[in-house]
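For reference, the structure is listed below as structure tokens.
Just so you know, all these numbers are worked out from the coordinates, no wet-lab data involved. Here the structure is a predicted model, which means the values were calculated and not measured. Methodologically, a virtual Cβ is constructed for each residue, glycine included, from the backbone with ideal geometry; neighbour enumeration extends over all protein chains shown.
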Amino acid sequence: MSLQEEIDKAIRQIQKESFAMSFGELISMYRNGELVISPTFQRLFRWTLTQKSRFIESLLIGLPIPSIFVSETGEAQWEVVDGLQRLSTVLEFTGDLIDPDTNLPRPPSQLGKTEYLPSLDGATWDTLSKSQQFSLKRSKVNIEVLRRLTDLRSKYDLFMRINSGSPANRQELRNCIMAAVKPEFQEIIDTVADDSIVQSLLQPSEEQAKRLSGQEKICRLVVFGMTEYDGRRELEDYVDEEIKEIALANHHHPEIARKLLDTFRLIDDAVGTDGLKKKEGDRFTGQVGNTAFEIIAVGIFANYDDIVALADTDAFVAGKIEELWSEQIPQTLRRPGQRGTVRIKQTIPFGKRFFRP
């Protein structure tokens, strides 16, 4: 297939239509449930007061603004794909934005002083004059409507590309897109990451919890436990691609969830809540590091069926972890500061071999 034929095929797969709409129309659609923002996506609304104020200023003085992307859901609805910060800013300002955690409207925002409109300082929707409210609601934005994407892989890829410049970190973006494309699999990732035993073993700091490090570790555990890393792609790109394939393939998702939870329970039962930390002498020390997680958690998960078939699984797991830190872990895997792609190509194969009964 030539390059032009590939271009033509891709264009046919991604059908979209563009037209201008007023924010008043978008507000009405949101109120009527015709314009939806998934709760996972909505939690990424994090513009500062300054950013919100500047955007409202742009609408009031007629400055051009970027397009908003939506996707047809097949249920007489549009789902927001890109433009969350801009759209949420307007909805919050008018008092219409629904909080994803309480399912109630958020308190209307109060603006700050801006460069061209310093009198916006302290302004709310109710303090604007009727003509100013009318002007804001008449402000137009270009809407890019992605026609029904029946192929879930195409939908995932498209969402990831469009949102690549968003303020979300990689796992937040992964969660949002998975929630939109395969919500039942995202629910598995969230459930496992929130499990009390999993939390006690991962022991995330407050900052790590904010960055969704637990969900990221679970995604990596699934990917590296079920695939063989080829080393040709950047680590994050590889995780993005493979978690998509696992989620969308005809896998038994409840079985994956059970094995994930049981992997952590095996470690906890065998050596306790410090089982994913480095062991020095008779003590586990420090925080949960990548090397220990990749060798122990992935090694056990990848060999789960064979391990649970043993007569004494606790003794096997405890013995292997003791053996790992006493003499077996290669010195090359102990080096700090290695690039993820270099480390993973060593830790994952080693862990899978080491924990094979």
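Ranked by the mean number of other Cβ atoms within 10 Å of their residues, highest first, the peptides 346-355, 228-237 fall in the order 346-355, 228-237. For a straight C-alpha distance cut-off of 27 angstrom, the lysines reachable from Lys352 (same-chain residues fewer than eight places away being disregarded) are Lys217, Lys244, Lys259, Lys277, Lys278, Lys279, Lys320. With Cα atoms as the point set, the radius of gyration and Dmax of the stretch 191-265 evaluate to 12.9, 36 Å.
Distance between the 7 Å Cα→Cβ label points at Gln132 and Met29: 2.8 nm. Ranked by the mean number of other Cβ atoms within 10 Å per residue, highest first, peptides 169-175, 129-135 order as 169-175, 129-135. In summary, the lysines within cross-link reach of Lys137, defined as a Cα separation below 29 angstrom excluding same-chain residues under 8 places away, comprise Lys16, Lys52, Lys113.
Taking 0.36 nm per residue of sequence separation and removing the Cα-Cα distance, the Gln51/Leu63 pair yields an extension gain of 2.9 nm. Our summary gives the stretch 3-151 a relative contact order of 37 percent, counting only alpha carbon pairs under 8 angstrom and 6 or more residues apart. With both labels modelled 7 Å from their Cα along Cα-to-Cβ, the Asp237 to Asn169 distance reads 2.2 nm.
By the count of neighbouring beta-carbon atoms within 10 Å, fewest first, Asp101, Asp262, Asp82, Asp269 end up ordered Asp101, Asp269, Asp262, Asp82. Only Cα pairs under 8 Å and 6+ residues apart enter the sum, and on that basis the relative contact order of the stretch 182-354 stands at 25 percent.
The reciprocal of the average 1/r between distinct C-alpha atoms defines the Kirkwood hydrodynamic radius, which for the stretch 217-303 equals 14.0 Å.
Can you work out the FRET efficiency for the pair Glu5 and Glu228, with r the C-beta to C-beta distance and R0 = 25 Å, to the nearest 0.05? Efficiency at R0 = 25 Å is approximately 0.20. Using the Cβ-Cβ distance between Asp121 and Ala249 with R0 set to 51 Å, the FRET efficiency works out to roughly 0.40. Across every pair of non-identical alpha carbons in the stretch 182-354, the mean reciprocal distance, once inverted, gives a Kirkwood radius of 16.4 Å. For the stretch 3-151, the convex hull drawn through the C-alpha positions has a volume of 134 cubic angstrom per residue.
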